[in-house]
Amino acid sequence: MSKQKYSDLLPAEKLGVFLSLLCAIHCLAMPVFLFVAPYLASSIAFSPVVEWVLVVISFGMALFLLWKDYLKHRKPMPLYFLGLGVLVKLMDTLIGIKSIEWIFGLLLGVFITLAYWYNYKHKTACTCKIK
C-alpha cells in the first residue's frame, strides 16, 4: 500500500488503530503464553488493570474519532462496529469464564479495527467540503 494513501489519517487515528490491533494481538497471545509459560498468567501484561486500561483508551479514542467523522460523512457503519465491540466486552464481563475470554478479546479487537477501517474508507470517499 502506498504511503500517501494513509497520509490523510490524523495521528490520533493512527494511534487508535494501533491500540486496537495491539489489543487483538494481546488477546491472541494470551492463550499461547498460558500454554507455553503458565507463570506469565500472573504477570503485569495480563493483569485486569492492563486489560481495562487498553479497553477504556481504545473505546474512548474510537468514540471520539468515529463520532467526529460521523458528523462529517454521516455513515453510521463504524459506530455500529464500535457498538458491537462494546457489546462483546459487556458479554465478556457478564459471562466471566476465564477459559474463553480470549475469544471475546479477539472479537473486541476485530470489531474496533473494522470500525476504524470502515471509517477510513468513508473518510477517503467522502465528498463533503469539511475534511
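The values are calculated or read from the model by the stated rules, or taken from the named source; none is laboratory data. Treat the numbers as computed from the prediction; the structure is a model and nothing was measured. Here the Cβ positions follow ideal geometry from the backbone for every residue, glycine too, while neighbour counts run over all protein chains shown.
Points worth noting:
- Number of the condition not met by GLY85 [criteria: (1) over 19 Å from GLU13 (Cβ atoms); (2) at pLDDT 85 or above; (3) not hydrophobic (A, V, I, L, M, F, W, C)]: (1)
- Scan of segment 43-97 for residues that are over 16 Å from ALA115 (Cβ atoms), among the hydrophobic types (A, V, I, L, M, F, W, C) and either in contact with an Asp or Glu (Cβ under 7 Å, 6 or more places away or on another chain) or not in a helix (DSSP H, G or I) (or both), ordered by number: ILE97
- Residue within segment 28-49 that is modelled with pLDDT of 80 or more, at negative phi, out of contact with any Gly (no Cβ under 6 Å at 6 or more places or on another chain) and of a type in the set (Phe, Trp, Tyr) present: no
- Checking each residue in segment 83-99 for being aliphatic (A, V, I, L, M) and loosely packed, with under 10 Cβ neighbours inside 10 Å picks out LEU94, ILE97.
- Number of the condition not met by GLY60 [criteria: (1) at pLDDT below 85; (2) of a type in the set (Gly, Ala, Ser); (3) loosely packed, with under 13 Cβ neighbours inside 10 Å]: (1)
- On inspection, TRP117 passes the criterion of being of a type in the set (A, V, I, L, M, F, W, C), in a helix (DSSP H, G or I), surrounded by 13 or more Cβ atoms within 10 Å (Cβ to Cβ) and on the phi < 0 side of the Ramachandran plot.
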